[in-house]
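Derivation of every value follows stated rules applied to the coordinates shown; laboratory data play no part. All of these numbers come straight from a predicted model, not from anything done at the bench. Counting neighbours? That spans all protein chains shown, and the Cβs are built from the backbone with ideal geometry, glycine included.
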Amino acid sequence: MPHLPSSPPFSDAPAAGGAVADLPRESRQRASLPGPGRLQLWGGVECTINRVGDAWSDQARFTGHHERAVEDIRRFEGLGIPLVRYPLLWEAVAPDSLEQPRFEVFDERMDVLRESRLEPILGLLHHGSGPHYTSLVDPAFPEKLAAYAAAVAERYPWVTYYTPVNEPLTTARFSGLYGVWYPHARDHATFARALVNQVRGTVLAMAEIRKVNPHAKLVATDDLGRATGTEQTRGQVDFENTRRWLSWDLLLGRVTPEHPLHDYLVQKGGLSVDELRELADSPCPPDILGINHYLLSNRFLDSETDWYPGFTHGPRDPENGLEYADVPALETARADSPPLEDILREVWERYGDLPYAVTEVHIDGDPGTQLQWLWEVWNAASRLRGEGAPLVAVTAWSLLGTYDWNTLCTTPPGGEVYYEPGVFDVRSGAVRATELTKMVRSLATTGTYRHPALEQEPWWRLESRFRYARELREELAS
């Protein structure tokens, strides 16, 4: 998901294919994961279809990709990237029923992808809750998602890489804990059910896909922000830092009675011991972990709420009854924000030799800022890969930019939505290459890039970044 805005606070206290489809797969050269040596650069299309109330928001319509899909795919291929995160979303293909999918609308773009040098990582659900005939808390949601995945695999049996559900944990938080997306709940039980439904849906979806393509690979993505805080909020900080691994731990079969959040999921989440045991006994290990991380992903939970405006104040901490402010760690002078390299190192330490990639790199800002952020992530990942980490790629997210993420995609239909340029800029209605286009092409093909902006200090290291408690740093400086 793109960057989180500073508000609202995110406290978690209770409250048939075309003719090409018949060609043998072996007749085409497909991408492979890198062996020893240079990191790969991938690309991705921000494609969220999310529901707010009874309205759905579709990023691919905002960007015009639905009308330009073939031309856009050829643009992506021209970047020299080997893989692209690409949407074939449930809500778009089967909006009315699973019995009447509209694959013919998408066949041409899928044929072009197959003919190209691009390997798609096919996304089936992206911050959504499915079409109107299901939801994240529908008991039959996992089976319905699996049925859709089976239809996709049968239609396009040549596809190898899949992300059945993008960011299950993040989607469950924003839909079940924060009330932002449908079903707009604010309780642990809805959160837990939404999370497990998405994870179980992923497991069942991959089982159906592998009936068609036994070599299909799961790319399991989620946001990985880290929380810090004051001594008084330590309990909540520890809880959130353990919870951020949950979607992967569930897929890997690690959520047994010994897992630190097993009892939470049962007692506060209302899940049964049997369903958690079923997931633990039938793991679906990701072939690649996808780490999504944004500059505002790291949070600071501050018990000294007077430093912050009221909209940042969360409900009471369930462990100690203390109210706290929940703010981006980067924006308060009372905190230090952990660098991405440290977070990527945590993945390596926790999951060992399991391959992983940075699957979203995006920042809103001027061209120099966008170059600086991709460059910082690329270098951090390259250093870790040089140390032996199984970190295979960095992904230039938002190839066509994003719309409305400053409000978390909640602007009512017909309202004006804010655009953040990506690798290409589409705000004029035409597709315009940017300096980031040049950088992506250079990194993808040579692993190097030069630009004067990369010699400058990025804003996220400057004192001017502080929105809160800036006077503390000014006192120290004086």
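To check you understand DSSP bridge types, tell me what percent of the beta bridges within the chain (both residues inside) are antiparallel, rounded to 5. Intermediate values should be presented prior to the final figure.
Values: 13 of 47 bridges.
Close to 30 percent.
So who's got an amide H within less than 5 Å of the one on residue 356, skipping anything under 5 residues away but keeping other chains? H placed 1.01 Å off N, in plane.
It is 289, 391, 392, by chain and number.
Using Stokes-Einstein with the Kirkwood hydrodynamic radius over Cα pairs, what translational diffusion coefficient do you get for segment 217-314 at 25 °C and a viscosity of 0.890 mPa s, in µm²/s rounded to a whole number?
160 µm²/s
Using only the Cα atoms of the chain, what do you get for the radius of gyration and for Dmax, in Å?
So, for the chain, Rg and Dmax equal 21.5, 72 Å respectively.
Compare the Cα positions of 235, 73, 50 along the charge dipole of the chain (+1 at Cβ of Lys, Arg; -1 at Cβ of Asp, Glu; about the Cα centre) and return the one farthest towards the positive end.
Final value for the positive-end residue is 73.
For segment 336-345, take each phi angle, set θ = phi - 60°, evaluate the Karplus expression 6.51 cos²θ - 1.76 cosθ + 1.60, and give the result in whole Hz per residue in order, putting x for glycine and proline.
Using θ = phi - 60°, the values come out as 10, 9, x, x, 4, 4, 5, 5, 5, 5 Hz.
Report the paramagnetic label zone for residue 55: residues of segment 418-461 whose backbone N is under 18 Å from a point 7 Å from Cα along the Cα-to-Cβ axis.
Label zone hits: 418-419.
If amide hydrogens are placed 1.01 Å from N in the peptide plane, which non-local residues have theirs closer than 5 Å to the one on residue 292?
It is 222, 223, 224, 359, by chain and number.
When the chain is fully extended, how far beyond the present Cα-Cα distance does residue 277 get from residue 100, taking 0.36 nm per residue of separation?
Values: separation 177, 0.36 × 177 = 63.72 nm, distance 3.48 nm.
Working it through step by step, the gained length comes to 60.2 nm.
Read phi for every residue in segment 407-422 and hand back ³J(HN,Hα) as whole Hz from Karplus 6.51 cos²θ - 1.76 cosθ + 1.60, θ = phi - 60°, with x for Gly and Pro.
So the J values, rounded to whole Hz, are 10, 6, 6, 10, 4, x, x, x, x, 6, 10, 8, 9, 10, x, x.
In nm, to one decimal, how far is the residue 263 label point from the residue 304 one, both placed 7 Å along Cα→Cβ?
Placing both labels 7 Å beyond Cα along the Cβ direction yields 3.4 nm.
With n ≥ 4 as the cut-off for DSSP H runs, can you work out [θ] at 222 nm for the chain, using -39500 (n - 2.57) per run divided by the number of residues, rounded to the nearest 500?
Details: 15 runs with 160 residues, N = 478.
The helix contribution divided over the chain gives -10000 deg cm²/dmol.
Please work out how much length the chain gains when fully extended from residue 115 to residue 231, using 0.36 nm per residue of separation minus the C-alpha to C-alpha distance, in nm with one decimal. If you can, show how the numbers build up before the last one.
On the way: separation 116, 0.36 × 116 = 41.76 nm, distance 5.65 nm.
Using 0.36 nm per residue and subtracting the Cα-Cα distance, I get 36.1 nm.
Tell me which residues come under 5 Å, amide H to amide H, from residue 217 once H is placed; ignore anything under 5 positions away on its chain.
161, 162
Return the FRET efficiency for the residue pair residue 66, residue 451: r is the Cβ-Cβ distance, R0 is 35 Å, and the value is rounded to the nearest 0.05.
Values: r = 33 Å, r/R0 = 0.94.
Efficiency for this residue pair is about 0.60.
What's the magnitude of the charge dipole for segment 334-478 around its Cα centre, counting Lys and Arg as +1 and Asp and Glu as -1 at the beta-carbon? Answer in Debye, nearest 20.
Working: 15 positive and 22 negative charges, 76 e Å.
I would put it at about 360 debye.
For residue 144, go through the lysines and keep the ones whose alpha-carbon is under 22 Å away, minus same-chain ones fewer than eight residues off.
Excluding near neighbours in sequence, the set is 211, 217.
Could you let me know the centre-to-centre spacing of segment 258-307 and segment 151-227, using Cα atoms, in angstrom?
Using only Cα atoms, the two centres lie 14 Å from each other.
HN-Hα J couplings of segment 327-333 from phi, Karplus 6.51/-1.76/1.60, θ = phi - 60°, integer Hz, Gly and Pro as x?
After applying 6.51 cos²θ - 1.76 cosθ + 1.60, I find 9, x, 4, 5, 9, 10, 6 Hz.
Let's test the formula: R0 of 60 Å, r as the Cβ-Cβ distance of residue 417 and residue 350. What FRET efficiency results, to the nearest 0.05?
Details: r = 37 Å, r/R0 = 0.62.
With R0 = 60 Å, the Cβ-Cβ based efficiency is 0.95.
What GluC sites (Glu not before Pro) does segment 201-270 have in DSSP loop regions with at most 10 other beta carbons within 10 Å?
Numbers: sites: 208, 231, 240, 258; in loops: 258.
Loop-located and lightly packed - 258.
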